[in-house]
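Novice: What follows is a single structure, and I will ask about it in a moment.
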Amino acid sequence: MRGLFVLLALAGCNFVAGETFPVHGVVRDVGERSVRLEHGPVPGVLEEGDTTFVVDPNLARQLRPGDLIQANLMSADDGTTRIIGAKVTGREEPLALPPGAVVALAEGEQLPTLTLPGVDGPVTIGAGQGVPTVLTFLFTSCPMPEACPLLASKLKELQGQLGAARIVSVTLDPARDSLEVLKAYGAERGADPAHWTFARVELDELKTLLLRAGASRVESQGDILHSLHILVLDADGRLLWRGDDNTWDVAEVAARVNSPAGG
């Protein structure tokens, strides 16, 4: 099923609700209700990779990046795949980063300048962008209503609350999402070009941008597995705030991007 992905979790196409499967790995990122895990294979269910899963907030507060964990994956009735019963077994030894290594932006850090092909012409993000920006990632053939379609719905609402700011949505599927496809998708979703535009970049450059954004994307058997991240950048391309799921409040994000700090 092309286009399967992660909404803070792997959509459980190989699971039956209530089934559990053991998994082990290294915690790479922790959100309020999510954990990004670099994990080994789960036979018959999941290939080795880097996936973001739903977790209970109490468990999330107990985990830190670099924790080695053993846990169980369980498919919930809502279609998400959750980590349950996690046990920390140790800590990963920190590795020295090579010079020039790409790492996720920290709050206040400036995104390097990147110019992307956009549906209405080139789109510059990062240093020199000149306008507060909400940076998001999605793809047009997403089949799960709780993920990209929900994100697009919230962005439609958000655009109506923006002042001198914009939304830039970058496709996660550059092989299939041409600029023409993205333009049609924007029109279908009610995007106002004055506030919301779409862009694409080839896969190698997309991977670098996702690393900068702290987001993840994995292709598995023709499916796209990815996290959901939204970044608020000020007019100079500095990170003001990053959300790691679809639970953000439209009015709160609008206030962030419209604040004097956003300008």
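Novice: Is one or more of the residues making up segment 159-168 touching a residue at least 40 places away in the same chain (Cβ under 8 Å) and either assigned to a strand (DSSP E or B) or within 13 Å of the chain's Cα centre (by Cα) (or both)?
Specialist: To start, the set of residues in segment 159-168 that are touching a residue at least 40 places away in the same chain (Cβ under 8 Å) comprises 161-165, 168.
Restricting the remaining residues to those that are either assigned to a strand (DSSP E or B) or within 13 Å of the chain's Cα centre (by Cα) (or both) gives 168.
Yes, because at least one residue in segment 159-168 is touching a residue at least 40 places away in the same chain (Cβ under 8 Å) and either assigned to a strand (DSSP E or B) or within 13 Å of the chain's Cα centre (by Cα) (or both).
Novice: Also, quick follow-up: How many residues does segment 182-193 hold that are small (Gly, Ala, Ser), crowded, with 19+ Cβ neighbours inside 10 Å and touching a Lys or Arg at 6+ places or on another chain (Cβ under 8 Å)? Let's see the steps before the verdict.
Specialist: As a first pass, look at segment 182-193 and keep what is small (Gly, Ala, Ser): 184, 186-187, 190-191.
If we keep only those that are crowded, with 19+ Cβ neighbours inside 10 Å as well, we get 186, 191.
After this cut, where a residue has to be touching a Lys or Arg at 6+ places or on another chain (Cβ under 8 Å) as well, the list is 191.
The number of residues fulfilling the criteria is 1.
Novice: Can you name every residue in segment 140-156 that is part of a loop (DSSP other than H, G, I, E, B) and at pLDDT 95 or above? Please lay out each step first, then the result.
Specialist: To start, the set of residues in segment 140-156 that are part of a loop (DSSP other than H, G, I, E, B) comprises 140-147.
Listed by number, the list holds a single entry, Thr140.
Novice: Looking at (1) closer than 24 Å to Lys207 by Cβ; (2) surrounded by 21 or more Cβ atoms within 10 Å (Cβ to Cβ); (3) over 15 Å from the mean Cα position of the chain (by Cα), which is the only condition Leu179 fails?
Specialist: (2)
Novice: From the list Leu63, Leu68, Leu73, pick out the single residue that is touching a Ser or Thr at 6+ places or on another chain (Cβ under 7 Å), within 15 Å of Val26 (Cα to Cα) and buried (at least 17 other Cβ atoms within 10 Å of the Cβ).
Specialist: Numbers: Leu63 fails: touching a Ser or Thr at 6+ places or on another chain (Cβ under 7 Å); Leu68 fails: buried (at least 17 other Cβ atoms within 10 Å of the Cβ).
One residue alone meets the criteria, Leu73.
Novice: Evaluate segment 194-206: report whether one residue or more is loosely packed, with under 15 Cβ neighbours inside 10 Å and in contact with a helix residue (DSSP H, G or I) (Cβ under 9 Å, 6 or more places away or on another chain).
Specialist: yes
Novice: Moving to a separate point now. On the basis of being crowded, with 16+ Cβ neighbours inside 10 Å and in contact with a His (Cβ under 9 Å, 6 or more places away or on another chain), does Leu172 make the cut? I'd like the intermediate steps shown before the answer.
Specialist: Details: crowded, with 16+ Cβ neighbours inside 10 Å: yes; in contact with a His (Cβ under 9 Å, 6 or more places away or on another chain): yes.
Judged against the criteria, Leu172 is a match.
Novice: Return a yes/no flag: does segment 191-200 have any residue that is closer than 20 Å to Val119 by Cβ, among the hydroxyl-bearing types (Ser, Thr, Tyr) and in contact (Cβ under 8 Å) with a residue 40 or more places away in the chain. Even if it seems obvious, please write down each step before you answer.
Specialist: Restricting attention to segment 191-200, the residues satisfying the condition of being closer than 20 Å to Val119 by Cβ are 191-200.
Among the residues that remain, those that are also among the hydroxyl-bearing types (Ser, Thr, Tyr) are: 197.
Those left that are additionally in contact (Cβ under 8 Å) with a residue 40 or more places away in the chain: 197.
Yes - at least one qualifying residue is present in segment 191-200.
Quick grid of which residues meet (1) over 17 Å from the mean Cα position of the chain (by Cα); (2) loosely packed, with under 12 Cβ neighbours inside 10 Å; (3) modelled with pLDDT of 95 or more:
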residue	(1), (2), (3)
Leu95	yes, yes, no
Val103	no, yes, no
Gly108	yes, yes, no
Thr115	yes, no, yes
Pro122	yes, yes, yes
Val131	yes, no, yes
Val134	no, no, yes
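Here is a yes/no grid of residues against (1) among the β-branched types (Val, Ile, Thr); (2) in contact with a strand residue (DSSP E or B) (Cβ under 6 Å, 6 or more places away or on another chain); (3) over 30 Å from Arg82 (Cα atoms); (4) not assigned by TED's automatic domain parsing to the domain that holds Phe53:
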site: Tyr185; (1), (2), (3), (4): no, no, yes, yes
site: Gly190; (1), (2), (3), (4): no, no, yes, yes
site: Thr197; (1), (2), (3), (4): yes, yes, yes, yes
site: Glu202; (1), (2), (3), (4): no, no, yes, yes
site: Gly222; (1), (2), (3), (4): no, no, no, yes
site: Leu231; (1), (2), (3), (4): no, yes, no, yes
site: Ala235; (1), (2), (3), (4): no, no, yes, yes
site: Leu240; (1), (2), (3), (4): no, yes, no, yes
site: Glu252; (1), (2), (3), (4): no, no, no, yes
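The values are calculated or read from the model by the stated rules, or taken from the named source; none is laboratory data. Every value quoted in this text rests on a predicted model; they were computed, and no experiment measured them. In this analysis, Cβ positions are derived from the backbone assuming ideal geometry, glycine residues included, and neighbour counts consider all displayed protein chains.
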